[in-house]
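Asks: Here it is, the structure, as structure tokens.
The values are calculated or read from the model by the stated rules, or taken from the named source; none is laboratory data. These numbers come from a predicted model, not from an experiment. Don't worry about glycine lacking a Cβ; one is built from the backbone with ideal geometry, like all the others, and counts go over all protein chains shown. The accessibility values were calculated without ligands, DNA or RNA, using every heavy atom of the protein model including side chains. Shrake-Rupley method; radii C 1.70, N 1.55, O 1.52, S 1.80 Å.
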Amino acid sequence: MESLSALNIIGLPEIIFGAGKFSELPKIMQSYGHNALIITGGESLKKSGRGDALPLQLNQAQIKFKAVSVWNEPTTQAIDAIVSQFRKIPVDVIVAIGGGSVIDFGKAVSAMLASDGSVKDYLEDVGTKIPSGAKVPFIAVPTTAGTGSEATKNAVVCDRKEGYKKSLRHDAYVPDVALVDPELTLTLPRHITIACGLDAVSQLIESYTSTKADGSIDPLVLKALSGASESLLPLALGQSNDISLRAKMSYAALVSGITLSRSGLGAVHGIAGPLGGLSPVPHGIACGKLLFPVMTFVIKKIIGENNIVAQKRFADIGKIFSGDAGGDDIFYCKQFLGVLDKWTRTLKLPQLSRFGMTAAHMEKIISLADSKNSPAVLSKEEIKVILEVVR
Ligand SMILES: [Fe+2]
């Protein structure tokens, strides 16, 4: 991770990255105290087998811990329930070991254990209270390679009844430590590897081409995009046990979290947000499915509007994805789309109706969707066309 430490990026967690680094967890926890709350997902850590020795190791390190398992995405009710259980118990450090949802759970619980009331009171656009930034120290240990939540300052919290997905956000909510061990992702099922990988790729593309991108971490983002494009299809097509490919995708996910915190996201996430709030479509599937049709409209618009700046940004990615040389920016924009098309045809993601997205959801999604920081703003009619393609 030389490239990360050399960049002196403000607001990052302490990053510990590498195969086998999970074994350092007890020592890291010890530096915060001796009472821990460990939040895990239902399955992933168990399946990997990497957590089996953890209770004994914690015992040897004289760390007392309580463990909580969580399922599905964090909801206000589930977060409040965990917080009320642990408010009166000493907790020196919280560790979340799991996918993006588990890490968001941990992030929200670490914030709410130092705050009064319900997490709902502090959500952007929903609550009336401003998060103070106070929290219990928090260590994020991703077992998937996707959301990059281990490096972001927000936790996404959903309320499907009210149909929203909103953020609990504060600069101080960036995890204190991101312990990223690609070995933890080796046993991920294929469909989760693909969905998470496509989420990371979407985040990298959208933040790199965002109107808010300031160029300051471009080398980092382009390196992550290069690794993601080298590993996505091989991981999906039989090389899921290759630790060097897993490491490239874990790195891509981590950097996607770093860059999205700085530059924001675009229309894929602008549509995926309300889509996931209103219907139970997994976030990575939504992003992966939306990526090609959304980018088809975006590229058409930036070429039609002669947006040279955006063309250059997409061309940078097109060069990396295609490995070609010798064309102009418009050529590489088209190469970029060509590679997304190839991924879409190869990975054959299911239509979103299979996950419960209905025609009735569409009108509401269209009314709530936006283009975020995309260099091309999609109209409601265009969003409707895209949703019809993916449903
Ligand atoms: Fe995402």
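Asks: Which residues, counting only those in the range 223-240, are in a helix (DSSP H, G or I), open to solvent by 10 Å² or more (accessible area, probe 1.4 Å) and in contact (Cβ under 8 Å) with a residue 40 or more places away in the chain?
Replies: Lys223, Ser226, Ser229, Leu233
Asks: Give me the pairs: first residue in the range 253-264 and outside any helix (DSSP H, G or I), second residue within 12 Å of the ligand (Cβ to nearest atom), beta-carbon distance under 7 Å, and six or more apart or on different chains, which are they?
Replies: Taking only residues 6 or more apart or on different chains, the pairs are Gly264/Ser207; Gly264/Lys372.
Asks: Still on this structure, I have one more. Those residues that are more than 15 Å from the ligand (Cβ to nearest atom) and either of a type in the set (S, T, N, Q) or within 25 Å of Lys289 (Cβ to Cβ) (or both), I need them from the range 169-192; list them, please.
Replies: Within the range 169-192, Thr185, Thr187, Leu188, Pro189, Arg190, His191 qualify.
Asks: Here's another thing I want to ask about it. Restricting to the range 271-290, and then to whatever is away from the ligand (no atom under 11 Å from the Cβ) and open to solvent by less than 10 Å² (accessible area, probe 1.4 Å), can you tell me which residue is nearest to Asn373 (Cα to Cα)?
Replies: Ile271
Asks: So Lys166 fits all but one of (1) more than 16 Å from the ligand (Cβ to nearest atom); (2) touching a residue at least 12 places away in the same chain (Cβ under 8 Å); (3) open to solvent by 50 Å² or more (accessible area, probe 1.4 Å); (4) outside the structural domain of Asn373 (by TED's automatic domain parsing); what number is the exception?
Replies: Lys166 satisfies all of (1) more than 16 Å from the ligand (Cβ to nearest atom); (2) touching a residue at least 12 places away in the same chain (Cβ under 8 Å); (3) open to solvent by 50 Å² or more (accessible area, probe 1.4 Å); (4) outside the structural domain of Asn373 (by TED's automatic domain parsing) except (1).
Asks: Within the set of pairs 6 or more residues apart or between chains, which connect a residue that is touching a residue at least 60 places away in the same chain (Cβ under 8 Å) inside the range 64-75 to a residue that is hydroxyl-bearing (Ser, Thr, Tyr) with Cβ atoms less than 9 Å apart?
Replies: Final answer for the pair search is Glu73/Ser101; Pro74/Ser101.
Asks: Ok, one more. Check the range 328-345 and report whether any residue there is over 23 Å from Ser229 (Cβ atoms) and surrounded by fewer than 22 Cβ atoms within 10 Å (Cβ to Cβ).
Replies: Of all residues in the range 328-345, those over 23 Å from Ser229 (Cβ atoms) come to none.
No, every residue in the range 328-345 fails to be over 23 Å from Ser229 (Cβ atoms) and surrounded by fewer than 22 Cβ atoms within 10 Å (Cβ to Cβ).
Asks: Return the residue satisfying two criteria in turn: it lies in the range 138-152 and is in contact with a Pro (Cβ under 9 Å, 6 or more places away or on another chain) and of a type outside the set (Asp, Glu), and of such residues it is nearest to Ile192 (Cα to Cα).
Replies: Once the filter is applied, the top-ranked residue is Ala145.
Asks: Of the residues that sit in the range 265-284 and are at pLDDT 95 or above and outside any helix (DSSP H, G or I), which one is farthest from the chain's Cα centre (by Cα)?
Replies: If we take residues in the range 265-284 being at pLDDT 95 or above and outside any helix (DSSP H, G or I), then Gly266 is farthest from the chain's Cα centre (by Cα).
Asks: Going through the range 136-163 one residue at a time, which ones are surrounded by fewer than 24 Cβ atoms within 10 Å (Cβ to Cβ) and in a loop (DSSP other than H, G, I, E, B)?
Replies: Hits for the range 136-163 are Val136, Pro137, Lys153, Arg160, Lys161, Glu162, Gly163.
Asks: Moving on to the next point. Which of the residues belonging to the range 99-135 are touching a residue at least 40 places away in the same chain (Cβ under 8 Å), more than 20 Å from the chain's Cα centre (by Cα) and open to solvent by 40 Å² or more (accessible area, probe 1.4 Å)?
Replies: Residues satisfying the conditions are Lys120, Asp125, Val126.
Asks: Further, regarding this structure: All but one of (1) in contact with a strand residue (DSSP E or B) (Cβ under 9 Å, 6 or more places away or on another chain); (2) open to solvent by 10 Å² or more (accessible area, probe 1.4 Å); (3) over 30 Å from Val385 (Cβ atoms) hold for Ser250; state the number of the condition that does not hold.
Replies: (2)
Asks: Same structure, new question: Confirm whether Leu260 is within 13 Å of the ligand (Cβ to nearest atom), in contact with an Asp or Glu (Cβ under 6 Å, 6 or more places away or on another chain) and open to solvent by 10 Å² or more (accessible area, probe 1.4 Å).
Replies: No.
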